[in-house]
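To keep things clear, I will list the structure first and then write my remarks on it.
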Amino acid sequence: MNALAADAPAVRACEAVFTRVVAGVDGSEPGFEAARQAARLVTQDGWLETFTAVDLVQANRVGLAAPRVRAELEQEAVESARYGAEIAGPRVHSRLVNGPPLQSLMRELEETRATLAVVGTHGHSRASEILVGGVAGELLHCAPCSVCIARPPPSKALLPRSIVVGVDGSEQSAAAVAVGRYLSARFHAAVSPVSALGGKNVDHARADELGAISVQEHPVEALVQASKDADLLVVGSRGLHGVKALGSVSERVAHRASCSVLVVRGR
């Protein structure tokens with residue numbers, strides 16, 4: 001039995017990340033993938049919501065055609081919400097609101113006291129998401145809870161099969177290792193903690209204690225490379241928000257990884 005399995009408080013702390021899950025569904029395949037992965041990750045007795053926001057104010061910009069455009073936007077949102085809920089399964093709560101997607105989702109995370117937000121990625125570059133304000137990019141900077149950026153895995157039914165955890169010896173990375181091992185035990189998945197020797201402020205002794213495999217590269221490059229052979233990459237967040245989060249390892253890795261990325265963050 002591993003140490004985590006023997007430590008009930010540690011298990012409960014890891015489970016807590018997956019007890020109140022909100023998936024952002026926007027009518028796109030990445031959004032539907034978020035619903036799939038949210039349903040997979042939420043605990044058996046947890047709470048799951050698919051959330052869709054449609055900004056009907058956009059319709060006012062087209063003049064005389066506004067009523068028709070508004071009706072089309074609303075119908076598309078209804079169909080998106082319905083299909084997202086169907087993907088997530090019978091346990092899901094479905095919510096559809098009128099408002100800007102990012103602000104509406106952030107408000108929903110706060111009001112529901114969500115422990116995990118799951119969103120898809122549309123393949124925007126990191127620079128464009130910083131400048132334009134993509135939902136996934138903004139959540140990494142501002143979400144009040146852990147965030148999962150969902151990317152399609154090789155096998156939807158078996159996610160996760162292979163988990164990589166970024167380790168720098170900090171308490172945040174120790175929490176990420178604990179969550180990675182919890183998911184490994186729960187889904188019978190392989191887990192590989194990785195520590196990059198090229199990183200700054202890395203506690204190598206602590207990383208060794210956490211069982212990390214040392215590699216020579218910079219942390220971002222090492223984890224992006226490791227993500228090519230995994231379907232879930234877990235990293236800790238140092239709690240930086242807004243502009244301070246730009247350039248953090250977790251933020252950069254989340255944008256560049258080949259697989260889904262779970263950024264573990266306390267409320």
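Bear in mind that the values in this text are calculations on the coordinates, not laboratory data. This structure is a prediction, so every number in the text was calculated from the model and none was measured. Cβ coordinates were reconstructed from backbone atoms using ideal geometry, including for glycine residues, and neighbour counts include every protein chain displayed.
Quick rundown of the values:
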| quantity | calculated |
| --- | --- |
| Average Cα contact separation per residue, the chain, under 8 Å, 6 or more apart, as relative contact order % | 19 |
| Calculated FRET value between ALA205 and SER258, using beta carbons and R₀ = 30 Å, to 0.05 | 0.50 |
| Order of GLU49, GLU171, GLU111 - criterion: other Cβ atoms within 10 Å of each residue's Cβ, fewest first | GLU111, GLU171, GLU49 |
| Inter-label distance, nm, simple model (7 Å from Cα along the C-beta direction), CYS142/ASP55 | 1.1 |
| Kirkwood Rh in Å, taken over segment 15-150 so that all alpha-carbon pairs contribute | 15.1 |
| Calculated P(r) tail over 24 Å for the chain, as whole % of Cα pairs | 47 |
| The chain, dipole about Cα centre (Lys/Arg Cβ +1, Asp/Glu Cβ -1), debye to the nearest 20 | 100 |
| Sequence of TYR182, TYR83 once ranked by neighbouring C-beta atoms within 10 Å, starting from the fewest | TYR83, TYR182 |
| Proxy reagent accessibility, fewest Cβ within 10 Å first, across ASP168, ASP203 | ASP203, ASP168 |
| Inter-label distance, nm, simple model (7 Å from Cα along the C-beta direction), GLU221/ALA66 | 5.4 |
